[in-house]
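Notes follow the structure.
The values are calculated or read from the model by the stated rules, or taken from the named source; none is laboratory data. The structure presented is a predicted model; accordingly, all values stated were derived computationally and were not measured. Don't worry about glycine lacking a Cβ; one is built from the backbone with ideal geometry, like all the others, and counts go over all protein chains shown. These accessible areas exclude ligands, DNA and RNA; they are computed on the full protein's heavy atoms, side chains included. Shrake-Rupley method; radii C 1.70, N 1.55, O 1.52, S 1.80 Å.
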Amino acid sequence: SGAINVSFEDREGNLWVGGSRGLGRIRDTAFLTFSSATDPRFEEIGPTYGDGEDRTWFAPGQGGLYAIKDGHVQQGLIVVPGNDVVYSIGGRGNEIWIGRQRGGLTHLAWRNGTETGQTFTEADGLAQNSVYAVVESRDGSVWAGTLSAGVSRFHDGRFSTYTAASGLAANTVASILEARDGVMWFATANGLSSLSNNQWKTYGTRDGLPSANVNCLFEDSAGVLWSGTSAGLAVLVSGGVQVPSMPDVLREPIFGIAEDKTRRFWITTSSHVLQIPRDKLFAGKAETADIREYG
């Protein structure tokens, strides 16, 4: 507010203005937003996934599956019905796996401009048609975590299913991750489970988790495993769970973790998007001033 006496554009394209109330900078926002105000398909977006063809796949909360490439929205040739919600998208290279609310597990692949698809359901051996998390591991196995029937592994054309009776912490699987050492990790509603050499191990609140309800998993650039729970972050160090000292905003329910090229974490909570230096957080030295908060 107030009179502007001078303006200047710098070599980065920022516009600086000076006036009676001080100095201000005008620049492009950090975010490019696709909104339901311009396209109803962008309402209540669920999972997103970037594939090997520079497409960003997204699934609206009301159902269906779409992709963005070069700023244009595309609908896949193999269509997920508009009345079936996509819970998860994963894959590797020129293929993606889609976990659906009612339709099971769908595989899409494309070569030389040709797209093919196949869907697997309980009739094919899948544990449950509600697939909440899906990951393709390095050996080509596809792991499908279900809403309430455990996790199924698809390998060599066959499904194998693991449940709480097998050693999984709970039959509700929210997230799956394959670590660098080949260990498979599963975020469940009753703790964090790992599978290595056919041996199961589970971590719960007695082992240091701030909440047994684990929402997401992330392995950072240093090979450290992080868990986002309903009561904040936890990290696995030397085989044990630790909760680093951190500001209260990071004790909110955590739903996503990523790391950028500058070794900063991007964390989504129930009400914020946060950016914070990874090393300070890991060392337990993160303070409120270290967090950049996007609202």
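Taking all Cα pairs closer than 8 Å and separated by 6 or more residues, the relative contact order of region 145-201 comes to 27 percent. Between amide H atoms placed 1.01 Å from N, distances below 5 Å from D84 occur with G64, all of them 5 or more places distant or on a separate chain. When only alpha carbons are used to place a centre, region 231-263 and region 92-118 end up 32 Å from one another.
Filter K201/K285; K69/K280; K261/K285 down to the pairs with a C-alpha to C-alpha distance above 32 Å, please.
On the way: K201/K285 30 Å; K69/K280 36 Å; K261/K285 21 Å.
From the list (K201/K285; K69/K280; K261/K285), the Cα-Cα distance tops 32 Å for K69/K280.
For region 148-174, list residues with backbone N below 14 Å from a point placed 7 Å from the Cα of D124 toward its Cβ? Only 152-160 pass the distance filter. The phi torsions of region 147-159, fed into the Karplus equation with coefficients 6.51, -1.76 and 1.60 and a -60° offset, translate into couplings of 6, 7, 10, x, 10, 10, 10, 9, 8, 6, x, 10, 9 Hz, rounded to whole numbers, with Gly and Pro shown as x. The trypsin sites (Lys or Arg not before Pro) of region 100-201 meeting both criteria, a DSSP state outside H, G, I, E and B (loop) and at most 10 other C-beta atoms within 10 angstrom of the site's C-beta, are R138, R180.
Relative to one another, the C-alpha centroids of region 173-227 and region 268-295 are positioned 21 Å apart.
Restriction of the chymotrypsin sites (Phe, Trp or Tyr not before Pro) in region 1-89 to DSSP coil positions whose beta-carbon has at most 11 other beta-carbons within 10 angstrom yields F31. For region 221-293, GluC sites (Glu not before Pro) meeting the loop criterion (DSSP other than H, G, I, E, B) and having at most 15 other Cβ atoms within 10 Å: E287. Legend: calculated FRET efficiency, Q199 to R92, from the Cβ-Cβ distance at R0 = 25 Å, rounded to 0.05, equals 0.45.
Rounded, prolate or oblate: pick one for region 223-275, where a ≥ b ≥ c are the square roots of the eigenvalues of its C-alpha gyration tensor, a/c under 1.5 means rounded, and failing that, prolate if a/b is larger than b/c, else oblate. Note, shape of region 223-275 comes out oblate. At an R0 of 51 angstrom, the distance between the Cβ atoms of S166 and F8 translates into a FRET efficiency of 0.20.
Determine the order of T48, T106 by accessible area, beginning with the largest, at a probe radius of 1.4 Å. Show your work: numbers first, answer last.
Values: T48 85, T106 5 Å².
The ordering from most to least exposed comes out as T48, T106.
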